[in-house]
Amino acid sequence: MAADIDIFGDMTAALKKNTYQSTFDFESYEINEHDKNFIIKREEIIAENFKTYSKSLFEVCRALYEISITMKAEGSFMAWYTHNGLTKDKVSELLKRYELYIMAPGMEDYVTRLPIISVKALTNKNMPEEQLMYALENQISNSEEIKLLMFKNAEDNKKVIPFNNKFSFKVYTDFEKRIKKAESIRDLATVKTEISDLKKSLAELEKTILEKEKQEENKNNLKLPEELFPAYKNLESGFIHTIEKEKDKYTIGIYTNLENYKSRNKKYFLSEVTGINSFEEAEGIFNNIVMFQKVKKIE
């Protein structure tokens, strides 16, 4: 007698393959079955809609790129995107993201998830090609990890970490050694927990500093003079990168030369990032911008 044949086997396998499967470990967090099913359904909604968003962003970036190479007349592309409500920063971001889409085919979701600062770091002209490909192949999205790759020597596999003090470097190297020597998942989990705890503690200290700075500023009605704003000269273009305050907002931009910067001639000041609420936030963005350029600080 012939063995029983499951005529629906292929169909069942296909349905299972196309059914959304959550990989989250609900059991470890003792989430009951009702809540688990509720969360999985919402998780599926997020996943499906993100796929649509990812495809849409890719198409937007590709269309913008095609327009940019089609409009050959000088200034025509800028006139076009300005007319359509796009800024220079946004266009630059979309074109840089399209570069990554092209370099990482089939990884649209990863490229779409990349924060703007990570996109800028990956497409920076100083990023070595080997490190760029390593980041894409391993789908690294954290901007700090990407920045570290720029200081890594691809030949001897040694890192040059840009820390400002010996304590920071020692903490980093201690963790790095322990990770390399780890012989089990438990060892790695222990290091990971310690790093997480350290990050939380440092974040609390940073928060305390910010609160104390605000208290001092309010108490003394302190206004940061323009002379204390950081300023760097780009050694290639001659532009001066700095921060300006307009009413209660901060703007990051460039002066076309040192003379215009010293005289604060706003006619020759080109805004890059505007509407920043605090100096601390502006300084953080500003440092991320200049660290990838060949600059010299203006004392």
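Assorted remarks:
- Matching residues, the stretch 1-27, being open to solvent by 80 Å² or more (accessible area, probe 1.4 Å) and at pLDDT 50 or above: 17, 18, 21, 23, 24, 27
- Looking across the stretch 162-187 at every residue that is open to solvent by 100 Å² or more (accessible area, probe 1.4 Å) and assigned to a helix (DSSP H, G or I), the one that is modelled with the lowest pLDDT is identified as 166.
- The set of residues in the stretch 279-299 being surrounded by 14 or more Cβ atoms within 10 Å (Cβ to Cβ) and modelled with pLDDT of 80 or more consists of 279, 280, 282, 283, 285, 286, 295, 298.
Rundown of residues vs (1) within 30 Å of residue 22 (Cα to Cα); (2) touching an Asp or Glu at 6+ places or on another chain (Cβ under 9 Å); (3) of a type in the set (Phe, Trp, Tyr); (4) surrounded by 12 or more Cβ atoms within 10 Å (Cβ to Cβ), yes/no style:
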| site | (1), (2), (3), (4) |
| --- | --- |
| 42 | yes, no, no, no |
| 47 | yes, no, no, yes |
| 55 | yes, yes, no, yes |
| 65 | no, yes, yes, yes |
| 71 | no, no, no, yes |
| 78 | no, no, no, yes |
| 83 | no, no, no, no |
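- Long-range neighbours under 6 Å by Cβ, at least six apart or interchain, first residue closer than 30 Å to residue 210 by Cβ within the stretch 255-281, second basic (Lys, Arg) and not in a loop (DSSP other than H, G, I, E, B): 275/249
- Check on residue 74, of a type in the set (Asp, Glu) and not in a helix (DSSP H, G or I): yes
- Among (1) on the phi < 0 side of the Ramachandran plot; (2) under 15 Å from the mean Cα position of the chain (by Cα); (3) touching a residue at least 12 places away in the same chain (Cβ under 8 Å) - the single one residue 139 does not satisfy: (1)
- Residues considered: 52, 87. Of these, the only one that is at pLDDT below 85 and among the polar types (S, T, N, Q) is 52.
- For the stretch 88-126, the tally of residues that are part of a loop (DSSP other than H, G, I, E, B), open to solvent by less than 20 Å² (accessible area, probe 1.4 Å) and over 23 Å from residue 273 (Cα atoms) stands at 1.
The values are calculated or read from the model by the stated rules, or taken from the named source; none is laboratory data. Just so it is clear, the structure is predicted and the values come from calculations on it, not from any experiment. Backbone-built Cβ (ideal geometry, glycine too); neighbour counts: all protein chains shown. Surface accessibility is based on the protein's heavy atoms, side chains included, excluding ligands, DNA and RNA. Shrake-Rupley method; radii C 1.70, N 1.55, O 1.52, S 1.80 Å.
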